[in-house]
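A.B. asks: Take a look at the following structure, please.
Every number here is computed from the coordinates shown, using simple stated rules; none is lab data. If you're wondering where the values come from, they're calculated on a predicted model, not measured in any experiment. Positions of Cβ are generated from backbone atoms using ideal geometry, with glycine treated the same way; all protein chains shown enter the neighbour counts.
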Amino acid sequence: MRSIWNGAISFGLVSIPIKLVNATENHSISFRQIHVADGGRIRYRKVCELEEKEVTTAEIGKGYEDADGSIIPITDEDLAQLPLPTAKTIEIVSFVPESSIDPLQMDAAYYLSANGVPAAKPYALLREALKRSQKVAIAKFALRGRERLGMLRVVDDVIAMHGLLWPDEIRAPESVAPDTEVTIRDAELDLADALMDTLGEVELESLHDDYRDAVEAMITAKVEGGGVLPEAVPAEAGGQVIDLMAALESSVRAAKEARGEEGEEAQVTPIKGSRKKSTAGAAKKTASAKAGATKSTSTAGAAKKTAAKKTATKTATKTATKTATKTTAKTAAKKTTAKSTAKKAAAKKAAPKKRASA
């Protein structure tokens with residue numbers, strides 16, 4: 001990668017020679033301006049107002065326009081002689097937690113490369129110090145004619161620097177938020193929470209520029225001549241939410257279908273702490289469910305006891321019947337035996353006694 005700036009990192013009394021390399025690149029498709037009537041290209045020519053003729057790049061310098069309209073020439077030598085220690089140095093001024101940096105301040109990103117073998121050791125020292133401290137370095141540097149703020153952090157084994165806007169370059173968000181008072185219901189927050197959970201996380205590497213793909217396909221079709229242009233996708237009407245709850249429910253359903261979870265209903269997860277009514281309702285439902293479960297358990301238990309009692313009663317009845325039958329039979333047998341014995345005794349008494357012979 002080609003360096004765009006050479007200088008050094010000033011880390012206290014330690015100086016680390018480095019090269020600045022762009023960390024990002026632009027993949028946007030660029031267009032040329034043309035004359036619609038004949039397709040001729042429109043070009044901008046640099047013309048001197050006084051001589052009314054085109055000048056070359058080598059003849060063009062810098063100048064500052066004063067309030068009265070006069071131009072004060074500024075040369076590269078004038079800028080090089082400015083008493084700025086950051087003209088060729090990235091001067092670290094402090095170390096702070098990364099969370100203290102407002103993302104609104106983030107600007108262009110660069111990689112810092114060690115410039116030469118002697119720079120390897122101090123470069124690695126600063127990198128490891130940043131890793132262990134879990135902080136980022138705030139620095140000042142000059143680039144493209146102005147002094148800037150930078151944030152140094154570690155990406156893999158490389159020190160990266162993000163240009164930061166100065167605090168006074170961040171606009172206050174005045175008159176941006178809705179100026180009407182809006183009431184958000186707990187049910188709407190619950191559905192929004194469910195939608196967020198359903199969408200989940202995504203690998204940024206899996207995302208790509210659909211617009212660029214469509215433009216490239218359109219250009220290819222035009223180059224081939226007579227090719228079929230991609231069909232336009234009808235734009236969805238936006239900005240007219242008639243029923244917010246219905247829109248949220250449809251969004252949750254669509255997100256689930258996109259994730260292959262068709263047929264499942266949206267699971268609403270209440271937000272903790274800020275929904276007393278919903279919590280109370282949930283508590284009532286839980287209490288009712290518990291009471292129903294307890295009642296069902298009690299009913300089942302009573303049914304079991306009743307069944308056990310019926311079984312015991314039947315068993316006892318059968319046993320008692322058998323015992324009574326046996327007892328009755330024995331008693332009848334005894335009575336029959338007694339009658340028979342009595343008859344025999346009576347018969348003996350009634351029979352005449354034989355006389356003894358003389």
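A.B. asks: Looking at this model, which pairs from LYS88/LYS121; LYS19/LYS121; LYS46/LYS140 are more than 24 angstrom apart at the alpha-carbon?
C.D. replies: Listed pairs above 24 Å: LYS46/LYS140.
A.B. asks: Summing +1 for each Lys or Arg and -1 for each Asp or Glu, what net charge is found among the other residues whose Cβ lies under 11 Å from the Cβ of LEU112?
C.D. replies: +3
A.B. asks: Now a separate question. Within the range 141-170, name every residue whose backbone N is under 18 Å away from a label modeled 7 Å from Cα of LYS131 along the Cβ vector.
C.D. replies: Residues 152-161 fall inside that zone.
A.B. asks: Would you calculate the separation in nanometres between label points at LYS46 and ASP157, each defined as 7 Å from the Cα along the Cα-to-beta-carbon direction?
C.D. replies: It works out to 4.3 nm between the two label points.
A.B. asks: For the range 44-114, what is the Kirkwood hydrodynamic radius in Å, using each pair of distinct C-alpha atoms?
C.D. replies: One decimal place: 17.3 Å for the Kirkwood radius.
A.B. asks: Same structure again: Could you state, as a whole-number percent, how many of the C-alpha pairs of the range 1-139 are farther apart than 23 Å?
C.D. replies: So the pairs more than 23 Å apart make up 61 percent of the total in the range 1-139.
A.B. asks: Grab the other residues whose beta carbon is less than 13 angstrom from that of LYS46, score K and R as +1, D and E as -1, and report the net.
C.D. replies: Value of the local net charge: -2.
A.B. asks: Tell me the net charge near HIS35. Cut-off is 14 Å between Cβ atoms, HIS35 excluded, with +1 for each Lys or Arg and -1 for each Asp or Glu.
C.D. replies: Around HIS35, the charge tally is +2.
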